Amino acid sequence: MNDPVSREIKKGIDLRRHIAITQRDYPQATGEFSQLLGQIALAGKIVSREVNRAGLGDILGKSKEENIHGERQARLDLYANAVFTRALIHNGGICIIGSEEESDPIAVRQPELRGKYVITIDPLDGSSNIDYNASIGTIFGIYRKISSPGTEKSANLADLLQPGRDLVAAGYIIYGASTVMVYTTGQHVYGFTLDNSIGEFLLSYPNIKIPENEGYLSFNESYFSNWDKPVQQAVKEFRESGLYSSRYIGTMVADFHRNLLAGGIFMYPAERDVPGKRQGKLRLLYEAAPVSFIIENAGGAGSDGFERIVNKQPENLHDKTPLFAGSKKLVGRVEELYRDWSEDS
Ligand code: P6P
């Protein structure tokens, strides 16, 4: 069997060794991808250290800057953005970055630093939770450059506006009770836990698959009256099934991680009559698409209620989308209710 999971992949091996084993399945691999993933892990360790000290340093609280969405950027947001962009541009084998914290793409200008990969990133998802010591996280997606072959020419926006189905890899890092990095290259979903005593991410979840008939309903109840009728109906059915409990902390990547491991569904639906939330609040490119790519590879589904998130073509860097991510059964029911609703209306 050429499947890396069936190979000698044991809990406790470090990320570097894991990448080396799984990259054996890609004879054309040049090591650039491994280098890129290693840089993401390094930046994650640095951010993890600051998150763990946030209460002690002067990092807490809001900066004076605002991001493109008019949100006051938490100082840790800006710090995480700087750490990841610096680590990636200087040694990550990439040609362009699309970041939630940057209104425009950052293209790598120096030809000698340019690599063939494109990265989308939410450097620190869940900022609103920073000051309350709740889990926060980094979300990333990795594509190939498509605008022109090789690295001679600089990349451009077109390289970033790719649908999630073309992701080479996607993952996230959660800074919580422990720091956990989850990623997939399109076959299996792997989870690594940071062992601070040696500064290494060690394999803790060799093959994540989402459970089908158990888990949590995860959404912000306070918006229920703003949701479309199909979503309200789905929530009622899921609650009455008696199969699910409810959890929501307001950091998508942490809520999503719980559903990925325990089952259920995470929702951030559209609120059609609320300016700024007519397409929900979450961003397609660097939040919904990476987590949908992950959950599909874990046997689940990611949808906007009408189509797979990974099939959505981004028009702009900061497009928003409704997101339903969870077991195929629950996401499928939301889509079914939307189909019936569209036919009736
Ligand atoms: P609300 C965090 O700010 C975030 O972008 C996501 O991580 C999270 O799922 C959502 O916003 C929470 O939004 O409206 O429930 O506070």
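A short reminder: the numbers here are calculations on the coordinates, not readings from a lab. This structure is a prediction, so every number in the text was calculated from the model and none was measured. Backbone-built Cβ (ideal geometry, glycine too); neighbour counts: all protein chains shown.
Okay, here's what the table says:
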| item | result |
| --- | --- |
| Lysines with Cα under 20 Å of K116, excluding same-chain neighbours fewer than 8 positions away | K145, K153 |
| Kirkwood Rh in Å, taken over all unlike Cα pairs in segment 4-205 | 17.5 Å |
| Globularity index of segment 192-258, i.e. its alpha-carbon radius of gyration over 2.2 N^0.38 Å | 1.51 |
| All aspartates and glutamates inside 12 Å of K277 as judged from Cα atoms, apart from same-chain residues fewer than 8 positions distant | D319 |
| If the convex hull is drawn through the Cα atoms of the chain, its volume per residue in Å³ | 141 Å³ |
| DSSP beta bridges in segment 215-339 [antiparallel fraction, %, rounded to 5] | 60 percent |
| Segment 149-194: translational diffusion in µm²/s, Stokes-Einstein, Kirkwood Rh over Cα pairs, 37 °C, 0.692 mPa s | 252 µm²/s |
| Directionally averaged projected area (convex hull, Cα atoms, segment 179-222), nm² | 5.1 nm² |
| DSSP beta bridges in the chain [antiparallel fraction, %, rounded to 5] | 80 percent |
| Cβ-Cβ FRET estimate between W341 and S103, R0 fixed at 25 Å, reported to 0.05 | 0.10 |
| Cβ-based net charge around D340, under 14 Å, with every Lys or Arg adding one and every Asp or Glu removing one | -3 |
| Under 24 Å from K11, Cα to Cα: lysines that are on another chain or at least 8 residues apart | K45, K209 |
| Whether segment 219-262 is rounded, prolate or oblate, judged on the alpha carbon gyration tensor where a/c under 1.5 counts as rounded | oblate |
| Mean Cα-pair separation over length for the chain, i.e. relative contact order, pairs under 8 Å, 6 or more apart, % | 15 percent |
| Kirkwood-type radius of segment 92-176, with distances r between different C-alpha atoms, in Å | 13.7 Å |
| Among beta bridges that DSSP assigns inside segment 4-205, antiparallel share in %, nearest 5 | 90 percent |
| Percentage, to the nearest whole number, of Cα pairs in segment 192-345 over 22 Å apart | 40 percent |
| Approximate spin-label separation N226-R239, in nm, with each point projected 7 Å along Cα-to-Cβ | 1.8 nm |
| Ellipticity estimate at 222 nm from DSSP helix runs (n ≥ 4, -39,500 (n - 2.57)) divided over the chain, nearest 500 | -9000 deg cm²/dmol |
